[in-house]
Amino acid sequence: MNEGNQLSHMYRNHQEKLFELIRMPDVTEEAVRQTLHYMCEVVADMLHVDTVSIWHFDETDASIHCQVAYSKEHGPSEPTLTILREDAPDYFDALRTNRILRIEDVRTHEWVKDLYQQYFIEGQRVQSMLDAPIYANSRVKGVICCETFAPRQWTFIEELMVSTLSDFIAILYLRLDRHVTDERMAQLAYTDEQTGLMNLNGFVERVDALREQTPHQLGSLIYIRADEFRSVETAIGIRRADEIVIELGNRLRQVVDSTLLARVSQSGFVLWTPYGDRIKVKGYADLICEAVTSEPFAVEELDVILTMSAFISIEDKARSTLELMDTARITANERHVQRGGIAFYEEEMSEKATARLTLEMNLRKGLAMNEFTLYYQPKMDAATGKLNGFEGLMRWVHPKQGLIPPLDFISLAESTGVIIALEEWALAEACRQLKTWHDAGRMYHLALNLSARHFLSDGVVDKLALIVKEMGVCPTYLTFEITESVGMENQQHVIDRFIAFREQGFSISIDDFGTGFSAFVYLKHYPIHEIKIDRQFIQVTENDPTGNVIVQTIIELARGLELKTVCEGIETPEQLDTLRSLGCDEMQGYYFSRPLPIDELETWIEDYETTNDDLPR
């Protein structure tokens, strides 16, 4: 066999071996590193060169570092060599623009004459070199560098062989990149980045497998959540709240098996336990919540104190893990659970959740289908009995369920945000009726409820002012009743919003006054027009002197601040007489009339103004 045939045979053998390597089933960084070592040795053998090295660009292409090397004298190595682009701009540009870099004298070639002494594997001994850039994913990922200690005239076959080997390396790089991408995608799919715990996908897969292994044993799923965490996030900011979440995850790791723990919401974690007994799992949940929150969470200069609640679903073999998670979340949505509480899922909770969802869907549909109407309750001048105006109250006339009272849909409308659209509709409807009265010379005033969510929303003042303007109504005849919960928000923001309403001509009334812990803050700091004393104080005025004192104090304080007082819930003549004697300005309640639809209201108005002599004029 002549030398050419020997070379060809050796090349084919090496090629077959390389094909096997690049088809390896498990492409890992270590496997690629071992293969690159082998390739360096193969190239040195096939091309009869003294050293072979493989270099890799960083992500920014600002530097290139040696991954592996092979020397006939010293064998394989992994030298710590790095070349910066700023030290070899011509060489870096040449790697980008040439398929092969053939250099017969490194001492004089412009690409490398300033590099070989410091950066080449064998330094000053190198005479000639043959480099082949490694292209992968449409960019130069690295270079395979062949060096000789004797001057060398490179042949076309040698150039072809080294470029072909660079293509083999490129395939490995592509497979490794894909492997890294797949691993990253799997990590993203199954891991919560913030805490490093499993996410819901990873949790479900892990627990599904565990439940299959224990078909005759009951476990339980615990959903653990920091109480009122959204308020904490609002108070301290997202970044510091995230630090607390990370610490929550770390503390949970210390008390539970982290392989069965996942983060599934902002401050919510889910845990699988082997306990199917209610007493045991409740004790375990208590222990977890206490251990995690026993110490404050130090965030910069703050010590944040949290409580956690646990919502437990005992395993039901008929339910999937994801369905068990749903039942735990349904339990968490139950309103009766207190801060730091423990609650178990009960079957009727799903029925209530389904009914709530159905109601929400019907709510949105009802608004679109014009199923809502306004009822009006009269408001009377306490001193004279004159009809001053009305409070407009929403009612839902469902095509199948009939009249749905506000208690059954207002809270749902507020939690879903539908309340904003509902209240805008109510204002337009009220203005339409108010204009009809005003055009007829009946200058009634009208009050409407405005939810805290709507009141604090962006652009609410301008939007409501535009509705009133388009309906052709003077805003001074309109009052918006705001609940005391608004006072829990940022005070300056609330004050600015009150001022904006006043500048548009609207009046602001504080509804259910006296029920909140900060009630008197309104009187001192907020630019409001009236207070509406809660019915619970009105109902005790008949037989409880203390109730009279409270109402009288509120009325006198309001009068001193030039605020109007409205008493709602008047049901008896005795209440009427008492409140009139205490100096109340305006009254409403069933003693005068229940809320009425407009056609019944018009009849009531006519009867009252012509025949009603119960009250002094």
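The values are calculated or read from the model by the stated rules, or taken from the named source; none is laboratory data. Just so you know, these numbers come straight off a predicted model, no measurement behind them. Note that we place each Cβ from the backbone using ideal geometry, even for glycine, and neighbour counts take in every protein chain shown. Surface areas here come from the heavy atoms of the whole protein model, side chains and all, with no ligands, DNA or RNA. Shrake-Rupley method; radii C 1.70, N 1.55, O 1.52, S 1.80 Å.
Count of the stretch 90-101 residues, restricted to those that are outside any helix (DSSP H, G or I) and either open to solvent by 60 Å² or more (accessible area, probe 1.4 Å) or charged (D, E, K, R) (or both), is 1. Selection over the stretch 363-380 of residues that are over 21 Å from GLU600 (Cα atoms) and open to solvent by 40 Å² or more (accessible area, probe 1.4 Å) gives a count of 5. Being open to solvent by less than 10 Å² (accessible area, probe 1.4 Å), modelled with pLDDT of 85 or more and not in a strand (DSSP E or B) is a description that does not apply to GLY441. Residues of the stretch 211-235 that are open to solvent by less than 70 Å² (accessible area, probe 1.4 Å), assigned to a helix (DSSP H, G or I) and more than 20 Å from ARG339 (Cα to Cα): ARG211 alone. Are any residues in the stretch 557-606 charged (D, E, K, R) and part of a helix (DSSP H, G or I), and if so, which ones? Selection gives ARG559, GLU574, ASP577, ARG580, ASP599, GLU600, GLU602, GLU606. Evaluated against (1) part of a loop (DSSP other than H, G, I, E, B); (2) open to solvent by 50 Å² or more (accessible area, probe 1.4 Å), GLN124 falls short on exactly one condition, (1). Selection within the stretch 303-330: residues that are in a helix (DSSP H, G or I) and among the hydroxyl-bearing types (Ser, Thr, Tyr). The member of this set that is nearest to ALA209 (Cα to Cα) is THR321.
So that you can scan it fast, the table gives a plain yes or no per residue for (1) modelled with pLDDT under 80; (2) open to solvent by 70 Å² or more (accessible area, probe 1.4 Å):
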| site | (1), (2) |
| --- | --- |
| ARG502 | no, yes |
| ILE510 | no, no |
| GLY514 | yes, no |
| LYS524 | yes, yes |
| GLU530 | no, no |
| ASN548 | yes, no |
| GLU556 | no, yes |
| GLU562 | no, yes |
| ARG580 | no, no |
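Residue pairs whose Cβ atoms lie under 7 Å apart, separated by 6 or more positions or on different chains, with the first residue in the stretch 449-474 and in contact (Cβ under 8 Å) with a residue 12 or more places away in the chain and among the aliphatic types (A, V, I, L, M) and the second open to solvent by less than 60 Å² (accessible area, probe 1.4 Å) and not in a helix (DSSP H, G or I), are LEU450/PHE480; LEU450/GLU481; LEU450/ILE482; ALA452/THR483; VAL468/LEU478.
On the stretch given as the stretch 165-210, residues that are modelled with pLDDT under 85, within 26 Å of LEU252 (Cα to Cα) and crowded, with 17+ Cβ neighbours inside 10 Å total 1. Just to be sure before I move on: is PHE506 under 35 Å from the mean Cα position of the chain (by Cα) and modelled with pLDDT of 90 or more in the structure I sent? Against the criterion (under 35 Å from the mean Cα position of the chain (by Cα) and modelled with pLDDT of 90 or more), PHE506 does not qualify. Taking every residue in the stretch 407-430 that is among the polar types (S, T, N, Q) and pairing it with any residue that is surrounded by fewer than 18 Cβ atoms within 10 Å (Cβ to Cβ), at least 6 positions away or on another chain, the pairs with Cβ-Cβ distances below 6 Å are THR416/GLU360. Selection of first residues in the stretch 240-259 that are open to solvent by 70 Å² or more (accessible area, probe 1.4 Å) and of second residues that are assigned to a helix (DSSP H, G or I) and of a type in the set (Gly, Ala, Ser), restricted to Cβ pairs under 8 Å at least 6 apart or on distinct chains, gives the following pairs, ordered by first then second residue: GLN254/ALA291.
Scanning the stretch 271-302 for residues being outside any helix (DSSP H, G or I) and either more than 15 Å from ASP227 (Cα to Cα) or among the charged types (D, E, K, R) (or both) gives a total of 13.
Counting the residues of the stretch 53-89 that are aliphatic (A, V, I, L, M) and open to solvent by less than 20 Å² (accessible area, probe 1.4 Å) gives 6.
The residues of the stretch 446-461 that are in contact with a His (Cβ under 9 Å, 6 or more places away or on another chain) and either open to solvent by less than 10 Å² (accessible area, probe 1.4 Å) or in a helix (DSSP H, G or I) (or both) amount to a single one, VAL460. The C-beta contact set for the stretch 500-512 (first residue touching a residue at least 60 places away in the same chain (Cβ under 8 Å) and over 19 Å from ASP585 (Cα atoms), second residue open to solvent by 10 Å² or more (accessible area, probe 1.4 Å) and among the hydrophobic types (A, V, I, L, M, F, W, C), distance under 7 angstrom, 6+ apart or interchain) is empty. In the stretch 607-617, the residue that is modelled with the lowest pLDDT out of those that are farther than 27 Å from ASP511 by Cα and not in a loop (DSSP other than H, G, I, E, B) is THR611.
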